[in-house]
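Structure first, commentary second.
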Amino acid sequence: MASYNPVVITDKGQEALFKSIAGQYGIQFTTISFGAGDHADSEDLTKLTALSDARQTVPVTSLVVPATDSVIVKARVNNNNLQAGYRIKEIGVFCKDGNDANSDTILYAIITTAIPDYMPAIVGDEAPTEFSYSFGLGVGNASTVTIQNSSSTGYYNQAEVDALLANYYTKSQIDEMLSPAT
């Protein structure tokens, strides 16, 4: 099982955060990239603007706001169409300015692994391998935080489905409400 080092918000991520708190930037989480790059303990990860060896990039599938100063960004990655396996040693969370359609995407945060997962290449008719990731990120008192999900294949766990359905009535409840009083 993988083990992760603490999340590091990059300098560009900090800049976006401060601009968002000032109301000048709308943080829109767009993608998460997975890579095989190695990083020395002495390396200043805050200076990074890209992963050193990106292998796969997927859209953010959901965003949970458990507190006013943090978010949990979720994504799933699988080995469909992956030609060469790799150890997932670096994970980058990317965002852009949701208030500016022409804004550049930036590396908001990077997570390195102490013990990496292995993403195997897909071979023949084997069942695909898939990993689900959730990362807590600090957003301070950002004025807006959203996700950009360009994928129609988002996934939800049971707790997320239950939360979505909590505000809906079942058919039997509706039938009971519509039945004539006895």
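The values are calculated or read from the model by the stated rules, or taken from the named source; none is laboratory data. Treat the numbers as computed from the prediction; the structure is a model and nothing was measured. Positions of Cβ are generated from backbone atoms using ideal geometry, with glycine treated the same way; all protein chains shown enter the neighbour counts.
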Q: Would you mind stating whether Ser143 is within 24 Å of Phe29 (Cα to Cα) and either modelled with pLDDT of 85 or more or hydrophobic (A, V, I, L, M, F, W, C) (or both)?
A: no
**Q.** Residues within region 89-112 that are over 13 Å from the mean Cα position of the chain (by Cα) and within 24 Å of Ala40 (Cβ to Cβ), tallied
**A.** 4
(Q) Give me the residue from region 19-44 that is in contact with a strand residue (DSSP E or B) (Cβ under 6 Å, 6 or more places away or on another chain) and of a type in the set (A, V, I, L, M) and, out of that set, surrounded by the fewest Cβ atoms within 10 Å (Cβ to Cβ). (A) Ala36
Q) Where in region 48-131 are there strands (runs of 3 or more DSSP E), lying fully within it, with 1 or more residues that are under 15 Å from Ala36 (Cα atoms) and touching a strand residue (DSSP E or B) at 6+ places or on another chain (Cβ under 6 Å)? A) 54-59, 70-78, 86-97, 106-119
Q | Unique residue being surrounded by 11 or more Cβ atoms within 10 Å (Cβ to Cβ) and farther than 24 Å from Lys12 by Cβ when the list is Ile122, Ile91, Ile106, Ile111 | A | Ile122
Q) So which residues in region 56-88 are within 27 Å of Gly124 (Cβ to Cβ) and more than 16 Å from the chain's Cα centre (by Cα), if there are any at all? A) Asn79, Asn80, Asn81, Leu82, Gln83, Ala84, Gly85, Tyr86, Arg87
**Q.** Scan of region 1-37 for residues that are over 11 Å from Ile110 (Cβ atoms) and of a type in the set (Val, Ile, Thr), ordered by number
**A.** Ile21, Ile27, Thr30, Thr31
